[in-house]
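Report on the structure given below.
Computed from the coordinates by the stated procedures, all read-outs in this text should not be read as laboratory data. As the structure is a computational prediction, the values presented were derived from the model and not from experiment. Reconstructed Cβ throughout: ideal geometry from the backbone, glycine too, with neighbour counts over all protein chains shown.
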Amino acid sequence: MSNQSGRVEAIFLVAENGKAAHEVPSVAAHAGRGLEGDRHFDDADSCDITLIEAEAIERQNAEHGIVLNQGDPRRQVVVRGIDLGQFIGQRFHVGEIECEGEERCEPCNHLAGVIGTEVVKLKGLVHTGLRASIVKGGTIRPGDAVGLTVSAGAAERS
């Protein structure tokens, strides 16, 4: 396992379908329910939380000549300094909350509309984040640490 850790850079919520994402200074996260104030809160058909690497947005902008702002992909938590791919099937923490990584996110229809459907199809913009479930709630703030969760047994063996 990696000892790599990152930080929350920004948090974005979308209050209603069709509305723009807006940056918030903090958000309450609830196990099995999602992020308060987001359109997917208490939506049984949606994952609890989505994350994206700031570096992935920057790389897509540079490689494909597009201008995506951090809120454009509509991922709720923007992180820096961590590879979210290592969290698939793993427990990890975002500040005081604990999550379990589910799968990578594919580009959504909204993102295709922002940058153009053909750009998404032709240039392979598939690395757009991580879906996760929240297993222990709390509050998330920019600057919070993000990393793999170490179990008590593993910590005692170290």
Spacing of the two label points (7 Å from each Cα toward its C-beta) at Asp45 and Ala15, in nm: 2.3
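Can you work out the FRET efficiency for the pair Glu36 and Glu100, with r the C-beta to C-beta distance and R0 = 22 Å, to the nearest 0.05? Intermediate values should be presented prior to the final figure.
Working: r = 20 Å, r/R0 = 0.89.
It comes out at approximately 0.65.
Thr139 to Arg80: extension gain in nm, 0.36 nm per residue of separation minus the Cα-Cα distance?
Numbers: separation 59, 0.36 × 59 = 21.24 nm, distance 1.82 nm.
In short, 19.4 nm is gained.
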